[in-house]
Amino acid sequence: MNVVTKTNITEYPLISRGKVRDIYEIDKDTLLLVTTDRMSAFDVIMNEPIPYKGVVLNQITLFWMEMFKDILPNHLIASEVKDFPEPLHKYAADLEGRSVLVRKAKPLPIECIIRGHITGSGWKDYLKTGSVCGHKLPEGLKESEKLATPLFTPSTKAELGEHDENITVEQAINMIGEELARKVEAVSIAIFSQGREYAESKGIIIADTKFEFGLLDGELILIDEVLTPDSSRFWPMAGYEAGKGQPSFDKQYLRDWLSAQPWDKTPPPPALPENVIAETRKKYEEAYSILTGKALPC
């Protein structure tokens, strides 16, 4: 497998190159999603890749989608290059382990954030207002404390380089309709709850996460990445203590390093030292091996 920062598949049209994924249209019903090793933080793409990070994200997503398929169908068609259309086979070194063939769905215009612990922007919101995205919370909560019930706190989807904006459930209802919004809320919490219970059995706390859903022939399906170190906060259960920030198996390590630099969080980003790249890679690979019990296939 190659370290991949950018793909160049000439046989099919590239329809999107996002912060992490390159997306190609195979036909009117089918997409190829390639999860590269590009790393973004604060909505800025770093100049240096994190080697095989894309493989971690793709393999963890496949692991969870298999686990959750009885809760909600997903968009997966194939995950091995040998099962892809023949013109893609020559790109195997760039695609194996990090790409999937999926059914084309219509993505919902909201991102579905579930918070199981109070941290990050939710903690800042709580300190200012006593609420998180319109959810009134009890007084006296500590940073990183587990919430009595997971909170559904949707956000808008920003264009590349812009920031998502938190919205209330009522605003989400106005955007997609009450029936669909309530279904998305219920499914998000169900998936999060099952995933959190499993992760805790392996020694990892999933503090919060972001899901994406789409509509296919009018039916709701799970799309994009699922409970990965890019879309979630993973904390080790060992040493967990409310009242402070937590060490993590996700990109928070990189965010913390960047926040300590003289950088205004706009492009261009600072150069990442080799030790920061290596430590970030280590955290992603640890998350994969702990959750799946497998070594990374690269």
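Quick notes on this one:
- One residue stands out in the range 239-256 among those that are among the aromatic types (Phe, Trp, Tyr) and more than 15 Å from the chain's Cα centre (by Cα): the one that is farthest from Pro51 (Cα to Cα), namely Tyr240.
- Just so you know, in the range 47-61 the residues that are assigned to a loop (DSSP other than H, G, I, E, B) and open to solvent by 10 Å² or more (accessible area, probe 1.4 Å) include one that is farthest from Leu258 (Cα to Cα), and it is Tyr52.
Matching residues to (1) surrounded by fewer than 16 Cβ atoms within 10 Å (Cβ to Cβ); (2) modelled with pLDDT of 95 or more; (3) aliphatic (A, V, I, L, M):
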{"position": "Ser231", "(1), (2), (3)": "no, no, no"}
{"position": "Gly239", "(1), (2), (3)": "yes, no, no"}
{"position": "Gln261", "(1), (2), (3)": "yes, yes, no"}
{"position": "Glu279", "(1), (2), (3)": "yes, yes, no"}
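- Condition broken by Glu25, with the remaining ones in (1) of a type in the set (D, E, K, R); (2) farther than 15 Å from His75 by Cβ; (3) at pLDDT 95 or above satisfied: (2)
- Filter result for Glu11 (within 30 Å of Leu180 (Cβ to Cβ) and open to solvent by 40 Å² or more (accessible area, probe 1.4 Å)): no
- Test: Leu296 is modelled with pLDDT of 95 or more, surrounded by 12 or more Cβ atoms within 10 Å (Cβ to Cβ) and of a type in the set (A, V, I, L, M): no
- Annotation note: of Glu200, Glu212, Glu185, the sole residue that is modelled with pLDDT of 95 or more and either surrounded by 22 or more Cβ atoms within 10 Å (Cβ to Cβ) or in a strand (DSSP E or B) (or both) is Glu212.
- Residue ID - nearest to Glu145 (Cα to Cα), chosen from residues in the range 215-224 that are in contact with a Lys or Arg (Cβ under 9 Å, 6 or more places away or on another chain) and open to solvent by 20 Å² or more (accessible area, probe 1.4 Å): Asp224
- Condition check for Glu25: surrounded by fewer than 17 Cβ atoms within 10 Å (Cβ to Cβ), outside any loop (DSSP other than H, G, I, E, B) and charged (D, E, K, R): yes
- Number of residues in the range 1-24 that are in contact (Cβ under 8 Å) with a residue 24 or more places away in the chain and not β-branched (Val, Ile, Thr): the value is 7.
- Yes/no for Lys244 being open to solvent by 30 Å² or more (accessible area, probe 1.4 Å), in contact with a Ser or Thr (Cβ under 6 Å, 6 or more places away or on another chain) and not in a helix (DSSP H, G or I): no
- Any hit, the range 249-257, residues being assigned to a helix (DSSP H, G or I), open to solvent by 40 Å² or more (accessible area, probe 1.4 Å), among the aromatic types (Phe, Trp, Tyr) and touching an Asp or Glu at 6+ places or on another chain (Cβ under 8 Å): yes
- The condition (being hydrophobic (A, V, I, L, M, F, W, C) and closer than 25 Å to Arg21 by Cβ) is satisfied by just one residue among Ile205, Ile167: Ile167.
- Hey, Arg281 touching a strand residue (DSSP E or B) at 6+ places or on another chain (Cβ under 6 Å) and either without any contact (Cβ under 8 Å) to a residue 40 or more places away in the chain or within 19 Å of Val20 (Cβ to Cβ) (or both) or not: no
- All of Arg196, Arg182 fail the test of being of a type in the set (Lys, Arg) and touching a strand residue (DSSP E or B) at 6+ places or on another chain (Cβ under 6 Å), apart from Arg196.
The values are calculated or read from the model by the stated rules, or taken from the named source; none is laboratory data. As the structure is a computational prediction, the values presented were derived from the model and not from experiment. Cβ: placed from backbone, ideal geometry, glycine included. Neighbour counts: every protein chain shown. Ligands, DNA and RNA are excluded from the accessible area calculation, which covers all protein heavy atoms including side chains. Shrake-Rupley method; radii C 1.70, N 1.55, O 1.52, S 1.80 Å.
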